[in-house]
């Protein structure tokens, strides 16, 4: 979403001199990464792949064609996020996204009378996807629902789903007056992406906040970033006591001014290494990447060796060899 337009938005073990045998690759070992994105020209869902040797080296698959396209609502999806099922849902995947066709409206109207629903697609193999559904997650006082994403909350045994909204007075049914809030980050819980708990505020800033991303680094540590219209770049915050616990600012991502839609993902080879993608706002939009030797430090360096600008506001999923091969064959 365009905030600048919203004013009117191991320990290597060496116990002997004998070389240790190379462990056999397991079927569930992750060998690459699936990026799920949309494009400026066609607001549908697109896929790109990279491998463990070059995690930020994403290349479009499916001959550059959309994998799924929305048929409900505005028939335009953006801010696409892929979620892997956990617990009893292992083997399921969902894609969720914003219901917004900006070519058919204005940014002012989009925050007043935009969609209060999110797109949902479901799959068990990443290849075949259900028809889209639209699930309303906010009540009629909300002007819009933007950039939905989700993370598994092991404490609740459910998915913590979050998005950005702004609100209007209950008696301002047409949302023609001043909003009662700026853009705030909201959350709800779901177990099936069909029904959701009553939404609550998650981050309410003194200025607009949108585009939240969260990553679980270990059993105790979470990292998050989001867009704050008053910040010069994307903040990085850390928590060691849960999604609803205390958060501390680590700093800002280097060279991230004018970027939105941050998305963290971990390196498949283990350790603390990881990456981030974010989407440039303005006349030349598109994704850039960052890399870190230690995500928990909050220090990331901008990548200059890849051109990812063919993608917009993406999310990333680690994939196995069989998944990688099937996706590559699309």
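Given the convex hull of the Cα atoms of the stretch 193-252, what is a quarter of its surface area in nm²? Computed as one quarter of the Cα hull surface, the answer is 5.1 nm². Its relative contact order, with pairs defined as Cα atoms under 8 Å and 6+ residues apart, puts the stretch 184-330 at 15 percent.
Per the helix-only calculation at 222 nm, which mean residue ellipticity applies to the chain, given -39500 (n - 2.57) for every DSSP H run of n ≥ 4 and division by its residues, nearest 500 deg cm²/dmol? Helix contribution divided over all residues of the chain: -1000 deg cm²/dmol. Note on residue 195 and residue 72: the model spin-label points, each 7 Å out from Cα along the C-beta direction, lie 1.7 nm apart. Distance from the alpha carbon centroid of the stretch 274-330 to that of the stretch 64-95 works out to 18 angstrom. Packing, as the average of other Cβ atoms within 10 Å across residues, places the peptides 141-152, 314-325 in the order 141-152, 314-325, highest first.
The length gained by stretching the chain between residue 106 and residue 206 to full extension, at 0.36 nm per residue less their Cα-Cα distance, is 33.6 nm. Computed extension length for residue 59-residue 220: 54.6 nm, one decimal, from 0.36 nm per residue of separation with the Cα-Cα distance subtracted.
How far, in nm, would the chain grow between residue 246 and residue 321 when pulled straight, counting 0.36 nm per residue and subtracting the alpha carbon separation?
Residue separation times 0.36 nm, minus the Cα-Cα distance, leaves 23.2 nm.
Where a number appears in this text, it was derived from the coordinates with a stated rule and is not lab data. Remember, it's a predicted structure, so these values are computed and weren't measured experimentally. Counting neighbours? That spans all protein chains shown, and the Cβs are built from the backbone with ideal geometry, glycine included.
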